[in-house]
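S.K.: Below you'll find the structure I mean.
Bear in mind that the values in this text are calculations on the coordinates, not laboratory data. It should be emphasised that the depicted structure is a prediction, and the values quoted were computed from it without experimental measurement. In this analysis, Cβ positions are derived from the backbone assuming ideal geometry, glycine residues included, and neighbour counts consider all displayed protein chains.
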Amino acid sequence: MILPIDLDIYFNNLRNAIEELIMAVKHTPTGEVHRGTKGGRTGCGFNTKEHPSHWVNTSERITCAKNGCKN
Ligand SMILES: [Zn+2]
């Protein structure tokens, strides 16, 4: 038997995993959109904590062509 609480945790983990894959963060000085979220690292390795004011979460398409950001 699956308890409702287990399903909750399961779907939360699933949603987090999907968000990690599709979330994008924009570097405002260059306008480049990277894979990742504000407060973490971009797919290509930038630390968004170093200049927090330069980064915003976005739903725009990823434009960075470096490994880790592009598919
Ligand atoms: Zn990138």
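S.K.: Inside the range 31-45, can you point out the residues that are more than 14 Å from Lys70 (Cα to Cα) and surrounded by 11 or more Cβ atoms within 10 Å (Cβ to Cβ)? It would help to see each step written out before you state the result.
M.R.: To start, the set of residues in the range 31-45 that are more than 14 Å from Lys70 (Cα to Cα) comprises 31, 37-41.
Of everything in the range 31-45, those that are more than 14 Å from Lys70 (Cα to Cα) and surrounded by 11 or more Cβ atoms within 10 Å (Cβ to Cβ) turn out to be Thr37, Lys38, Gly39, Gly40, Arg41.
S.K.: Only residues that are within 16 Å of the ligand (Cβ to nearest atom) and outside any loop (DSSP other than H, G, I, E, B): list them for the range 1-44, please. Even if it seems obvious, please write down each step before you answer.
M.R.: Filtering the range 1-44 down to residues within 16 Å of the ligand (Cβ to nearest atom) leaves 20-44.
Glu20, Leu21, Ile22, Ala24, Val25, Lys26, His27, Glu32, Val33, His34, Arg35, Arg41, listed by residue number.
S.K.: Select from the range 55-71 the residues that are surrounded by fewer than 15 Cβ atoms within 10 Å (Cβ to Cβ) and of a type outside the set (D, E, K, R) and write down the one among them that is farthest from the ligand (Cβ to nearest atom).
M.R.: Step one: filter the range 55-71 for residues surrounded by fewer than 15 Cβ atoms within 10 Å (Cβ to Cβ), giving 57, 59-61, 65-68, 70-71.
From what's left, of a type outside the set (D, E, K, R): 57, 59, 65, 67-68, 71.
Details: Asn57: 14, Ser59: 16, Ala65: 8, Asn67: 9, Gly68: 6, Asn71: 12 Å.
My answer is Ser59.
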